[in-house]
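Reviewing the structure listed below.
Values in this text are rule-based calculations from the coordinates and carry no lab data. Computed from a prediction, not measured in an experiment: that's the story for all the values here. Every residue, glycine as well, gets a Cβ built from its backbone with ideal geometry; the counts of neighbours run over all protein chains shown.
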Amino acid sequence: MPQLYPLLLVPEFSPRPWGTLNLAPIYPNQQFTEKIGEAWLTGDECRVANGPLAGQKLGALAERYGRELVGEAAREPQRFPLLAKFLFPHDKLSVQVHPDDTCAQRVGLPWGKTECWYVLEAQPGAQVALGLKPGTSRAQLEEAIRENRAEDLLNWIEVHRGEMIYVDGGTVHAIAAGCILVETQQSSDTTYRLYDYGRPRPLHLERGLEAVKERTRAGKVQRPGNGQKGGQLIGSPFFVVDKVRPQQPDEFSTLEEPGVRSAHILVALEGCGVVEAAGTEPVAFARGDAVVVPASVGSYRVRPQWEVEVLRSRVPARPLPEPVTSL
């Protein structure tokens, strides 16, 4: 098999009724004839753009290379553990919920879906909904869904550029227009749609309501300093995400602790840079691109070309506590 190396991935653009035809400022040169809501960066169907593995799908490579790609920190040896994507809401997303691991496994799924959103852009007044208003029960939510007033029972909060939002499994949530989010999540696409403002899409009330938690840990992640600065943005049981703004070549390692490696995901938010690792060809990437650094690569560096701002995501060597949040 060819040796693994940093993999530049081609995004997969996913149509959604709440999406937009214009994905600027992330992809200003892309033209679409249907509304795009999401750009998947590390999905199983995303293909490699560089080197000997060009054209291969990330999911197939995870099955082929196993721990050499995903690392020992990943819970499954032959499945890429994290999905990164851009979200482009031009209308309200449905009110939905994802199961946590326990709920997912009760219905035969391997794992649930806890996620986080980094607010890359936000117009004044942009909002997301996180969880139920205090005192709201699952039964009251079900009644409100049937009476077409479910959004009135949600915690709607304004979001601002640079904030990180934690959405643990079981949290009823929604996203309104006016922002661009970078999502990092467990590699699951299990979504139960609870309410869709009258749009003609099917709902998943039975399993969705079973997955709903009346109280969760969701909210804005509290961390010291200004959200525009670099450093760790979130640590959680499933992922760690930090922001890197190197002024000169910056060194990193996929070795999280002795004997435990993790694949790294690098998503360019601004500018452009180069990923360099010994014995491999340099990989240039720019805003909107994602590079997966396989666990077997070990040490690598990110070199800015003029300037670059990157989100770096990976699975922690051991599950971390849930982050401190507020609404």
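In a simple Cβ point-charge model (Lys, Arg +1; Asp, Glu -1; nothing else charged), the chain has a dipole of about 180 debye relative to its Cα centre.
With contributions of -39500 (n - 2.57) from each DSSP H run of at least four residues, the per-residue ellipticity at 222 nm computed over the chain stands at -2500 deg cm²/dmol.
By other beta-carbon atoms within 10 Å, ranking GLU63, GLU68 with the fewest at the front produces GLU63, GLU68.
Overall, the stretch 110-179 carries a charge dipole of about 80 debye about its Cα centre when +1 sits on the Cβ of Lys and Arg and -1 on the Cβ of Asp and Glu, all other atoms neutral.
Between rounded, prolate and oblate, where does the stretch 52-148 land on the alpha carbon gyration tensor, with a ≥ b ≥ c its root eigenvalues, rounded for a/c under 1.5, else prolate if a/b exceeds b/c? Oblate, since a/c reaches 1.5 and b/c is not below a/b. In plain terms, the chain from GLN248 to LYS35 could stretch by 72.8 nm, reckoned as 0.36 nm per residue minus the Cα-Cα distance.
Computed from the Cβ-Cβ distance with R0 of 22 Å, the FRET efficiency linking ALA177 to ALA54 stands at 0.05. Take the alpha carbon atoms of the stretch 130-172, find their center, do the same for the stretch 175-245, and report the distance between the two centers in whole angstrom. Comparing the Cα centres of the stretch 130-172 and the stretch 175-245, I get a distance of 12 Å. If you compute percent of Cα pairs over 31 Å apart for the structure shown, which of (i) 25; (ii) 29; (iii) 46 do you land on? Read-out taken from this structure: (ii). Measure out, as a whole number of angstrom, how far apart the alpha-carbon centroids of the stretch 1-66 and the stretch 262-315 sit. If we compute the Cα centre of each part, the gap is 15 Å.
In order along the stretch 110-121, the phi-based Karplus estimate (6.51 cos²θ - 1.76 cosθ + 1.60, θ = phi - 60°) of 3J(HN,Hα) comes to x, 7, x, 9, 9, 9, 9, 10, 8, 7, 7, 9 Hz; Gly and Pro are listed as x.
Starting with the fewest neighbours, write out THR20, THR254, THR114 ranked by other beta-carbon atoms found within 10 Å of each beta-carbon.
Lowest count first: THR20, THR254, THR114.
In this simple spin-label model, placing a label point 7 Å from the Cα along the Cα-to-Cβ direction at both GLU158 and GLU63 gives a separation of 4.9 nm.
Between SER299 and GLU142, what's the calculated FRET efficiency when r is the beta-carbon distance and R0 is 51 Å? Round to 0.05.
Working: r = 52 Å, r/R0 = 1.03.
Here the calculated transfer efficiency is 0.45.
Under the simplified labelling scheme, the GLU214-TYR197 pair shows an inter-label distance of 2.9 nm, with each label point 7 Å from Cα along Cα→Cβ. Translational diffusion of the stretch 145-192, estimated by Stokes-Einstein from the Kirkwood radius over alpha carbon pairs at 10 °C in a medium of 1.306 mPa s, is 120 µm² per second. Computed extension gain for GLU151 through GLU307, at 0.36 nm per residue and net of the alpha carbon distance, reaches 52.0 nm. Computed over the stretch 7-326, relative contact order equals 20 percent, with contacts defined as Cα pairs under 8 Å that lie 6+ residues apart. Phi angles of the stretch 122-129 translate, via the Karplus equation with coefficients 6.51, -1.76, 1.60 and θ = phi - 60°, into HN-Hα couplings of 8, 6, x, x, 4, 9, 10, 10 Hz per residue; Gly and Pro are given as x.
Which one of LEU8, SER188, SER296 is farthest out on the positive end of the charge dipole of the chain, using unit charges on Cβ (Lys, Arg +1; Asp, Glu -1) and the Cα centre as origin? Toward the positive end, the furthest listed residue is SER188.
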